[in-house]
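The values are calculated or read from the model by the stated rules, or taken from the named source; none is laboratory data. A quick note: this is a predicted structure, and the numbers were derived from the prediction, not measured. Glycine also receives a Cβ, built like all others from the backbone with ideal geometry; neighbour counts cover every protein chain displayed. Just so you know, the surface numbers come from the protein's heavy atoms only, side chains and all, with ligands and any DNA or RNA stripped out. Shrake-Rupley method; radii C 1.70, N 1.55, O 1.52, S 1.80 Å.
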Amino acid sequence: MRYTLRQLEIFVAIARTGNVSRAAEVVALSQSAASTALAELERQFDCQLFDRNGKLLKLNALGRSLLPVASSLLTQAGEIEQLLEGKSALGDLKVGATLTIGNYLAIMIISEFMQQHADCHISLQVKNTQAILQQVAGYELDLGLIEGSCHHPDLNAETWIEDELAVFCAPTHPLAKAQSVTVNDLLQETWILREQGSGTRETFDQALRHHQPDLNIRLELEHTEAIKRAVESGLGIGCISRLALRDAFRRGSLVELPAPELDLRRQFMFVWHKHRYQTPAMVTFLDYCRALTANLRRSDDINFPSIA
């Protein structure tokens with residue numbers, strides 16, 4: 001072969017970072033060594049894989065075609081190395097989860113999965129939906145667990161389990177004892193909501209799409225726990241996943257405001273790159289997640305000892 005796995009590793013690192021010096025840090029080489037390796041790869045095949053703009057490198061059409069193939073080959077090469085070293089055939093897995101899934105499901109799922117597959121190492125990143133989609137599309141993550149919609153042309157999306165948001169308030173709020181609330185009631189209230197770009201906010205905005213100009217949004221916060229604390233303190237009402245509110249509703253520290261006029265249902269989803277090789281770890285983990293929720297109606301029906 002006229003190329004080496006090391007050259008491909010450097011190419012992939014540069015493609016992901018857009019910069020030779022940052023890529024060199026990722027692959028533990030000097031900047032000059034990384035630059036030389038890329039130049040040699042391009043010289044061997046008389047091709048160019050990047051468009052240059054100063055120190056920034058952007059994949060051209062050939063580079064974009066090579067990236068998924070090179071990434072898959074490197075993943076499979078890693079599997080071969082682990083097998084030859086006598087390690088688990090499952091290998092490593094990089095998972096990204098949106099905040100509701102990451103904070104209330106993914107950690108428990110991964111914990112139980114790793115008890116069954118002790119040699120499988122899983123890294124988890126928890127960010128909002130748009131950030132996770134970008135990382136999966138950029139081959140930085142093997143798999144994404146998201147709570148928003150996915151329209152990225154390079155990604156496959158599979159529905160997992162239904163989730164539902166709930167409108168809620170503090171027990172001392174004037175609406176706390178209401179049997180149900182109307183949209184008109186809600187428009188009179190002050191809101192504490194998730195930030196734009198989150199799947200939770202996307203579902204909320206869709207449910208109230210005809211009333212957006214009339215909403216009084218006091219705070220936008222990135223974390224559901226911060227929203228719950230703000231609502232508990234009387235700053236306004238909120239709307240997040242029932243999964244995140246389950247314990248608070250049981251304790252009575254927060255109260256649901258039934259809003260039958262709003263459709264607050266959504267789907268938790270798996271997303272992965274269309275061209276990414278599905279490793280044994282990825283296939284096994286997906287099967288485990290599917291089996292876990294196979295007979296359940298909604299996300300807050302999932303029970304773990306730590307959140308039951």
Might you check whether a residue that is in a helix (DSSP H, G or I), within 22 Å of Q134 (Cα to Cα) and open to solvent by 90 Å² or more (accessible area, probe 1.4 Å) occurs anywhere in segment 15-24? yes
Within segment 294-302, is there a residue that is part of a helix (DSSP H, G or I) and within 29 Å of P153 (Cα to Cα)? yes
Quick one: would you say E9 is farther than 16 Å from Y139 by Cβ, outside any loop (DSSP other than H, G, I, E, B) and not small (G, A, S)? no
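Conditions (1) among the aliphatic types (A, V, I, L, M); (2) within 28 Å of R290 (Cβ to Cβ); (3) surrounded by fewer than 15 Cβ atoms within 10 Å (Cβ to Cβ), marked per residue:
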site	(1), (2), (3)
F204	no, yes, no
R209	no, no, yes
A226	yes, no, yes
S241	no, yes, no
G252	no, no, yes
L262	yes, no, no
R265	no, yes, yes
Residue under question is K177, and the condition is that it be touching a strand residue (DSSP E or B) at 6+ places or on another chain (Cβ under 9 Å), modelled with pLDDT under 95, open to solvent by 20 Å² or more (accessible area, probe 1.4 Å) and closer than 25 Å to T284 by Cα; does it hold? no
Among (1) under 26 Å from the mean Cα position of the chain (by Cα); (2) open to solvent by less than 30 Å² (accessible area, probe 1.4 Å); (3) farther than 23 Å from G102 by Cβ, I217 falls short only on (2)
Given the options Y288, Y277, name the one that is of a type in the set (S, T, Y), under 30 Å from G78 (Cβ atoms) and in a helix (DSSP H, G or I). Y288
State yes or no: is I80 closer than 30 Å to S299 by Cβ and either modelled with pLDDT under 90 or open to solvent by less than 40 Å² (accessible area, probe 1.4 Å) (or both)? no
One residue from R43, R52 being at pLDDT below 90, open to solvent by 40 Å² or more (accessible area, probe 1.4 Å) and more than 21 Å from T75 (Cβ to Cβ): R52
